[in-house]
1. Restricting the search to segment 34-48, which residues are surrounded by 24 or more Cβ atoms within 10 Å (Cβ to Cβ) and not in a helix (DSSP H, G or I)?
2. From the set of residues in segment 219-251 that are under 15 Å from the mean Cα position of the chain (by Cα) and small (G, A, S), which is nearest to A37 (Cα to Cα)?
3. If I filter segment 143-162 for residues that are within 23 Å of T18 (Cβ to Cβ), of a type in the set (V, I, T) and in contact (Cβ under 8 Å) with a residue 60 or more places away in the chain, do I get at least one hit?
4. Any chance segment 194-217 includes a residue that's in contact (Cβ under 8 Å) with a residue 60 or more places away in the chain and over 16 Å from the mean Cα position of the chain (by Cα)?
5. Kindly check whether there is at least one residue in segment 83-100 that is within 28 Å of E231 (Cβ to Cβ), among the aromatic types (F, W, Y) and touching a residue at least 24 places away in the same chain (Cβ under 8 Å).
6. What's the number of the condition T192 fails, among (1) under 24 Å from V33 (Cα atoms); (2) open to solvent by 30 Å² or more (accessible area, probe 1.4 Å); (3) not in a helix (DSSP H, G or I)?
7. Just to be sure, is I151 in contact with a Pro (Cβ under 8 Å, 6 or more places away or on another chain) and within 13 Å of N100 (Cβ to Cβ)?
8. Is it the case that segment 196-211 has a residue that's in contact with a Cys (Cβ under 9 Å, 6 or more places away or on another chain), within 21 Å of S133 (Cβ to Cβ) and modelled with pLDDT of 95 or more?
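The values are calculated or read from the model by the stated rules, or taken from the named source; none is laboratory data. What you see is a predicted model, and the numbers here were worked out from it, not measured in a lab. Here the Cβ positions follow ideal geometry from the backbone for every residue, glycine too, while neighbour counts run over all protein chains shown. The accessibility values were calculated without ligands, DNA or RNA, using every heavy atom of the protein model including side chains. Shrake-Rupley method; radii C 1.70, N 1.55, O 1.52, S 1.80 Å.
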Amino acid sequence: MGETNSGSKSRWCLQGMTALVTGGSKGIGYAIVEELAQLGATVHTCARNEVELSESLKEWSTKGYRVTGSVCDVASRVEREELIARVSSQFNGKLNILVNNVGTNIQKQTLDFTAEDFAFLMNTNLESGFHLSQIAHPLLKASEAASIIFISSIAGVMAINLASVIYGATKGAMNQMTKSLACEWAKDNIRTNCIAPGPIRTPLLEKHSKEETVMNAVICQTPLGRIGEAEEVSSLVAFLCLPAASYITGQTICVDGGFTVNGLNTL
């Protein structure tokens with residue numbers, strides 16, 4: 001039998017739970033760490049940039065959040081294994097929440113992609129999340145009520161010019177992986193869901209969308225008429241991890257201001 005929850009106050013908090021969020025030093029990852037910590041979770045995060053990570057940890061410490069961090073490049077299989085070993089030691093072999101947030105894009109036309117580009121995007125965006133989920137499984141199962149959240153993209157459900165073909169392929173595969181893991185690991189009380197952000201104000205979006213005409217086109221395609229904020233993604237991540245969401249699994253939910261349901265795609 002899977003977990004169920006009555007109408008107690010604890011349904012709406014993460015007090016006593018542990019979480020690992022990859023890529024938490026900036027953008028959506030940073031907002032997710034804060035959201036989970038605000039709701040009472042003890043969080044460990046990782047990032048490649050030690051300076052950015054240290055600055056973020058200081059900010060969270062000042063706010064009184066229980067957050068620790070370590071330098072890790074999730075594109076490295078060895079470093080992924082070291083990360084999970086560290087988390088296992090820190091959280092006594094149990095993990096309630098795994099958020100596979102790390103992702104990147106290479107903005108090229110299909111004919112310009114190299115084999116190295118393909119391998120890099122597949123490893124960073126797809127294999128890292130699969131492998132981390134795989135090796136974290138014993139910790140998640142031991143917690144007896146766990147959630148895996150994949151941060152995908154609307155590029156995994158529709159074609160958009162802001163994302164390369166390969167980027168979209170990694171996110172589409174992630175959406176399907178979410179469904180399969182949800183079914184396979186339900187018996188272990190591990191729920192698996194996926195969030196597909198649309199145009200969100202992050203360093204990655206700003207890097208690839210510096211032209212004002214591009215941003216205007218994005219806004220015109222978005223029914224709510226604006227770019228989203230990272231906190232509007234992190235709030236859904238937190239909800240899906242709450243005991244209140246205990247019957248939700250295998251879902252890919254778009255957070256995009258209506259972008260994917262707009263009939264006229266201007267991009």
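1. Passing the criteria: A41, V43, T45, C46, A47.
2. The selected residue is A238.
3. Yes: segment 143-162 contains one or more residues that are within 23 Å of T18 (Cβ to Cβ), of a type in the set (V, I, T) and in contact (Cβ under 8 Å) with a residue 60 or more places away in the chain.
4. Within segment 194-217, one or more residues are in contact (Cβ under 8 Å) with a residue 60 or more places away in the chain and over 16 Å from the mean Cα position of the chain (by Cα).
5. yes
6. Going through (1) under 24 Å from V33 (Cα atoms); (2) open to solvent by 30 Å² or more (accessible area, probe 1.4 Å); (3) not in a helix (DSSP H, G or I) one by one, T192 breaks only (2).
7. Yes: the conditions hold for I151.
8. So far as segment 196-211 goes, yes, one or more of its residues are in contact with a Cys (Cβ under 9 Å, 6 or more places away or on another chain), within 21 Å of S133 (Cβ to Cβ) and modelled with pLDDT of 95 or more.
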